[in-house]
1. Based on this model, can you work out whether I118 counts as of a type in the set (A, V, I, L, M, F, W, C) and not in a helix (DSSP H, G or I)?
2. All but one of (1) buried (at least 16 other Cβ atoms within 10 Å of the Cβ); (2) at pLDDT 55 or above hold for L7; state the number of the condition that does not hold.
3. Kindly indicate which of S85, S105 is hydroxyl-bearing (S, T, Y) and closer than 17 Å to G16 by Cα.
4. Could you give me the residue pairs with C-beta distances under 6 Å whose first residue belongs to region 50-76 and is without any contact (Cβ under 8 Å) to a residue 60 or more places away in the chain and more than 21 Å from L19 (Cα to Cα), whose second residue is in a loop (DSSP other than H, G, I, E, B) and of a type in the set (G, A, S) wherever it lies, and which are 6+ apart or on separate chains?
5. Which of (1) in a helix (DSSP H, G or I); (2) touching a helix residue (DSSP H, G or I) at 6+ places or on another chain (Cβ under 8 Å); (3) modelled with pLDDT under 80 does S56 not meet, given it meets every other one?
6. Taking the conditions exactly as written (among the hydrophobic types (A, V, I, L, M, F, W, C), in a loop (DSSP other than H, G, I, E, B), more than 14 Å from the chain's Cα centre (by Cα) and at pLDDT below 80), does I98 satisfy them or not?
7. If the requirement is being at pLDDT 80 or above and surrounded by 14 or more Cβ atoms within 10 Å (Cβ to Cβ), which of these qualifies: L76, L42?
Amino acid sequence: MGIYTTLHKVISSLGGLLLILYQLSKINKNDMILSNLKKYMLDTPYVEFSNFILLSFSHLLLNILGSTKNKIASNLKGLLGCFLSTYAFMIFMQQLYICYEYYVSEIPIAKENLYLCIYLMVYFVAMCAESNSNMSSKKKYLMGTGKTINVEV
């Protein structure tokens, strides 16, 4: 396994957990105070967070416990990766819009939003690479080809 394969496998596995912790910290930090209500409304994702938690934990468990030789587990990891990459792309576009609005209104961009944009872009690319490698038909053919044994009697 190459260094890039290992890197995007680690990022795609642990990246979801980091996003879950980030979302939970935002909910506890804001506590719906009126001064933070606008920022909380801007940071609320379009996709429900409970769906992301279920998908992320399922993907993490399949990455940890699933065998690479099991075609069903690989296809399921690829499908979950597609859903998670879509979620990451949607929240990335939302955070990019927030950073753009801060830039237009000449308010200094919060470092947290900028770092989150960079992290979401890296997570999105890692999830796309992981899904591509899991759903690749070339990999299936290489793993599924067996040699015939001729037995002469």
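1. It is false that I118 is of a type in the set (A, V, I, L, M, F, W, C) and not in a helix (DSSP H, G or I).
2. (1)
3. Criteria check complete, one pass: S85.
4. A73/G66
5. The number of the failed condition is (3).
6. No, not satisfied.
7. Selected residue: L76, the only one of L76, L42 that is at pLDDT 80 or above and surrounded by 14 or more Cβ atoms within 10 Å (Cβ to Cβ).
The values are calculated or read from the model by the stated rules, or taken from the named source; none is laboratory data. Since this is a predicted model, take the numbers as computed values, not measurements. FYI the Cβ positions are ideal-geometry reconstructions off the backbone, even for glycines, and counts take in every protein chain you see.
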